[in-house]
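The values are calculated or read from the model by the stated rules, or taken from the named source; none is laboratory data. Keep in mind that this is a model prediction, so the values were computed, not measured. Cβ sites come from the backbone with ideal geometry, for glycine too, and all protein chains shown count toward neighbours. To get the accessible areas, we keep the full protein, side chains included, count just its heavy atoms, and leave off ligands, DNA and RNA. Shrake-Rupley method; radii C 1.70, N 1.55, O 1.52, S 1.80 Å.
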Amino acid sequence: IRANATENNSNEVQELANIILFVDFADSTDNFMDNRRDEIIEMYNGTSIKSLSKYISIISNGKMLVNNYFPQDNGNTIETYRLSKERSYYNKLNEYEMIKEIVNNVSISSNINLDMNNDGEVDNITFIFAGSSADSNDVFWPHKHNHNNGSNVNGKGINTYNVHNENSIFNELISGSE
């Protein structure tokens, strides 16, 4: 998540949108988000200190609020987007192509304000991929990257995004399981 480049010295609360998208691959056999809907929503929007929204609010002294959105949530489960190719294809430096495919195929409501800081770009997108990652050279290793407005969602360019994988979210330090 990135804040606007200008410092917020006033008492004004800055709000940012974070779109969370869940992705598996052509060679996936099931939905890695089955039975995890409540856990992921709590992780991002919950009231505990481990929640992203709560954490950002605390460290910013209430000056920044993160609004997390789950476009693939149907109210009962989260339906992952299945990429057109196998995982190994995208792990060969095809990250740009992969991000473009996802955002061109996952419907994100035009009722969501994706640009709460009014800089012309989607504030942030978080991609959570099925599986794990063996090392930092893996495309699916957790990282922040820039898409340099190579795609857009509802007329807003995509720049900053974050990549996580199923293991990093549910089994490692991010979730506090270790």
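Assorted remarks:
- The stretch 118-141, residues that are in a loop (DSSP other than H, G, I, E, B) and surrounded by 18 or more Cβ atoms within 10 Å (Cβ to Cβ): Val122, Asp123, Ala130, Ser133, Val139, Phe140
- Scanning the stretch 37-49 for residues that are of a type in the set (A, V, I, L, M) and open to solvent by 50 Å² or more (accessible area, probe 1.4 Å) yields a single hit, Ile49.
- Total residues in the stretch 68-94 satisfying the condition of being modelled with pLDDT of 95 or more, over 17 Å from Gly131 (Cα atoms) and not acidic (Asp, Glu): the figure is 5.
- Checked against (1) of a type outside the set (D, E, K, R); (2) open to solvent by less than 20 Å² (accessible area, probe 1.4 Å); (3) assigned to a loop (DSSP other than H, G, I, E, B), Ser84 passes all but a single condition, namely (2).
Yes/no matrix, rows are residues, columns are (1) part of a loop (DSSP other than H, G, I, E, B); (2) open to solvent by 40 Å² or more (accessible area, probe 1.4 Å); (3) touching a Phe, Trp or Tyr at 6+ places or on another chain (Cβ under 6 Å):
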{"site": "Val66", "(1), (2), (3)": "no, no, no"}
{"site": "Tyr89", "(1), (2), (3)": "no, yes, no"}
{"site": "Tyr96", "(1), (2), (3)": "no, yes, no"}
{"site": "Asn104", "(1), (2), (3)": "no, yes, no"}
{"site": "Ser107", "(1), (2), (3)": "yes, yes, no"}
{"site": "Ser110", "(1), (2), (3)": "yes, yes, no"}
{"site": "Leu114", "(1), (2), (3)": "yes, no, no"}
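- Only listed residue being touching a Ser or Thr at 6+ places or on another chain (Cβ under 7 Å) and over 22 Å from Ser84 (Cα atoms), chosen from Asn124, Asn165, Asn159: Asn124
- Applying the set (1) of a type in the set (S, T, N, Q); (2) open to solvent by 50 Å² or more (accessible area, probe 1.4 Å); (3) modelled with pLDDT of 85 or more; (4) closer than 21 Å to Gln72 by Cβ to Asn152 leaves exactly one unmet item: (3).
- The set of residues from the stretch 19-36 being surrounded by 13 or more Cβ atoms within 10 Å (Cβ to Cβ) and farther than 19 Å from Met98 by Cα comprises Met33, Arg36.
- Any hit, the stretch 109-123, residues being touching a helix residue (DSSP H, G or I) at 6+ places or on another chain (Cβ under 6 Å) and either under 22 Å from Met33 (Cβ atoms) or in contact (Cβ under 8 Å) with a residue 40 or more places away in the chain (or both): no
- Whether a residue is closer than 20 Å to Glu166 by Cβ and hydroxyl-bearing (Ser, Thr, Tyr) was assessed, and Tyr55 does not pass this test.
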